Each structure stands twice: as structure tokens, then as C-alpha cells.
Amino acid sequence: MFQKWILCCICMCVLGLTAASSVQADRIAGTAESPRDDDQNWALPHTTVIIDVGHGGIDGGASHGDLLEKDINLAIAGKLYVLLSSQGIPAIMNRTDDYALSDDNRWHLSKSRHRKDLSQRRQLTEEIESELLVSLHVNAAKNKSRRGPLVLHQESGESALLAFCIQDALNRQQSTTALPKPGNPFYLLRRVEQPSVIVEMGFITNVEDRTMLSDSRRQLDIAKAIASGIRQYKWINH
Ligand SMILES: [Zn+2]
């Protein structure tokens, strides 16, 4: 990890990206620290949970009328952040407002905003030491009767266990019975080294789920379920 960080610093210096990196750091909730003129400037920020807040800015994600996935993700991420922090589980959000992470990415040569966005999310997971990553999303389907949570995981047993714990907690919260699934095609799950899961919290295309996803009190219930799944995972895994 340390070697990777050194390599990363070298790459950023070569590319002249130190300023962009500090902008990133300022935007990461919970990690703001005043700069110091000693070696600690080079210490990795660290936390337990990275909350990857899906989409943002020009990328609204799934939608129904004026209701946008990016706003639901951000609202629930904020609640999850507060819950975890109050339960003694350090967490950070990689997006705290409505902007595209691809805007911060000046180093990826791709012209694809989507590729830049994803690589920026992965880059942050390399710059911040963490135990696990939870990526928050909202599902959509042509079939409007499809509803309920679905957690996608990496191939590793730790990721599958994390997915099982969060899926189980969300199933109890939403009275559903889905099982977590491998999410191999997803870039973030393939490229992030920490145990990571994508949490599809419900379907924006289903009226019942949509009502839940856009109601502040019920958003808190979703956040509570995800937090309890994370606690369960940590309890089993340590
Ligand atoms: Zn999404």
C-alpha cells in the first residue's frame, strides 16, 4: 500500500496534479485537516468505511420525472455517514454535494466522462486507507412491478459476506427476500482492492419503492439498515 502511495505521488508530481489532489481532499467529508509542513503531509488519510455516493453533477443516474437517483444517493449517504460516525465507525463520503467526480479528474486521458468518473472513484480508494467501500445506487427496470434492494459483490469472500449482511438487513427493512449477487461486470467492483459492494437500495421505477426512496424518514430507515449490515459484517469478520 505504501509503495503504491509513493508511486501515486510520483505520478501526480510528474503530471503536475498536486493542486488537483488537494481540491479532492477538501471535498472529502471528514478528512479536512490544516496542511502541515512536515512529513505528516504525506500520511495517507484513513477511515473504516468509504461511502461511494453514486453519480452527481451532469450524471443524474436513474430518474423518474424530477426525481433523480443522484439526489437520493446523496441524501441517504449523508444519513449513513452520520449514523456510522455516531456509532464509532469512521466513515467518509466521496461526494458531499451535487457535482460530478469526473470534473476533478484531470489525469485520465479518456474523453469519456463516465470512464473519468469511475477512475476518479477508484483513485480515491487508493489514496484513502479503508476497510471497506459501500457504493450507493438506485435501481431501475422496464417492469414497474420490480422492487426491493439488491446488493452486488466482488469475488472475494469478504465482499460476499459484507453483501450478505447488508442484503439481510435491507430485506428485513423492506420485507423482501432477494439474495446478493456477484457484480463482476462493474468496474468499481473489479478494480477496488478493499472489500466493496454496490447497494441498489430500491427501484425508482416502482411506485412503492419510489415513495420510500424520496421520503426523508424512510431514507433514514434504509441508512439504518445499511449501517446495521456493516456492523454485523465487522462483528463476524473481526
Ligand atoms: Zn446508479
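The values are calculated or read from the model by the stated rules, or taken from the named source; none is laboratory data. Predicted, not measured: the structure shown is a model, and the values here were computed from it. Every residue, glycine as well, gets a Cβ built from its backbone with ideal geometry; the counts of neighbours run over all protein chains shown. These area figures cover heavy atoms from the full protein model, side chains too; ligands, DNA and RNA do not enter into them. Shrake-Rupley method; radii C 1.70, N 1.55, O 1.52, S 1.80 Å.
Some notes on this structure:
- Neighbours by Cβ (under 7 Å, 6+ apart or cross-chain): first from the stretch 207-234, more than 23 Å from Ser85 (Cβ to Cβ); second aliphatic (A, V, I, L, M): Arg210/Leu67; Arg210/Ile204; Ser214/Leu67; Ser214/Ile72
- Flag if Gly61 is assigned by TED's automatic domain parsing to the domain that holds Leu136, within 16 Å of the ligand (Cβ to nearest atom) and assigned to a loop (DSSP other than H, G, I, E, B): yes
- Total residues in the stretch 150-162, condition within 18 Å of Thr177 (Cβ to Cβ) and open to solvent by less than 10 Å² (accessible area, probe 1.4 Å): 1
- Within the option set Ile51, Ile28, Ile6, being surrounded by 12 or more Cβ atoms within 10 Å (Cβ to Cβ), at pLDDT below 95 and either closer than 23 Å to Pro195 by Cα or away from the ligand (no atom under 16 Å from the Cβ) (or both) holds for one residue only, Ile28.
- Residues (open to solvent by 40 Å² or more (accessible area, probe 1.4 Å) and at pLDDT 95 or above) located in the stretch 191-209: Val207, Glu208
- Selection from the stretch 127-149 of residues that are basic (Lys, Arg) and either crowded, with 20+ Cβ neighbours inside 10 Å or touching a Pro at 6+ places or on another chain (Cβ under 7 Å) (or both): Arg147
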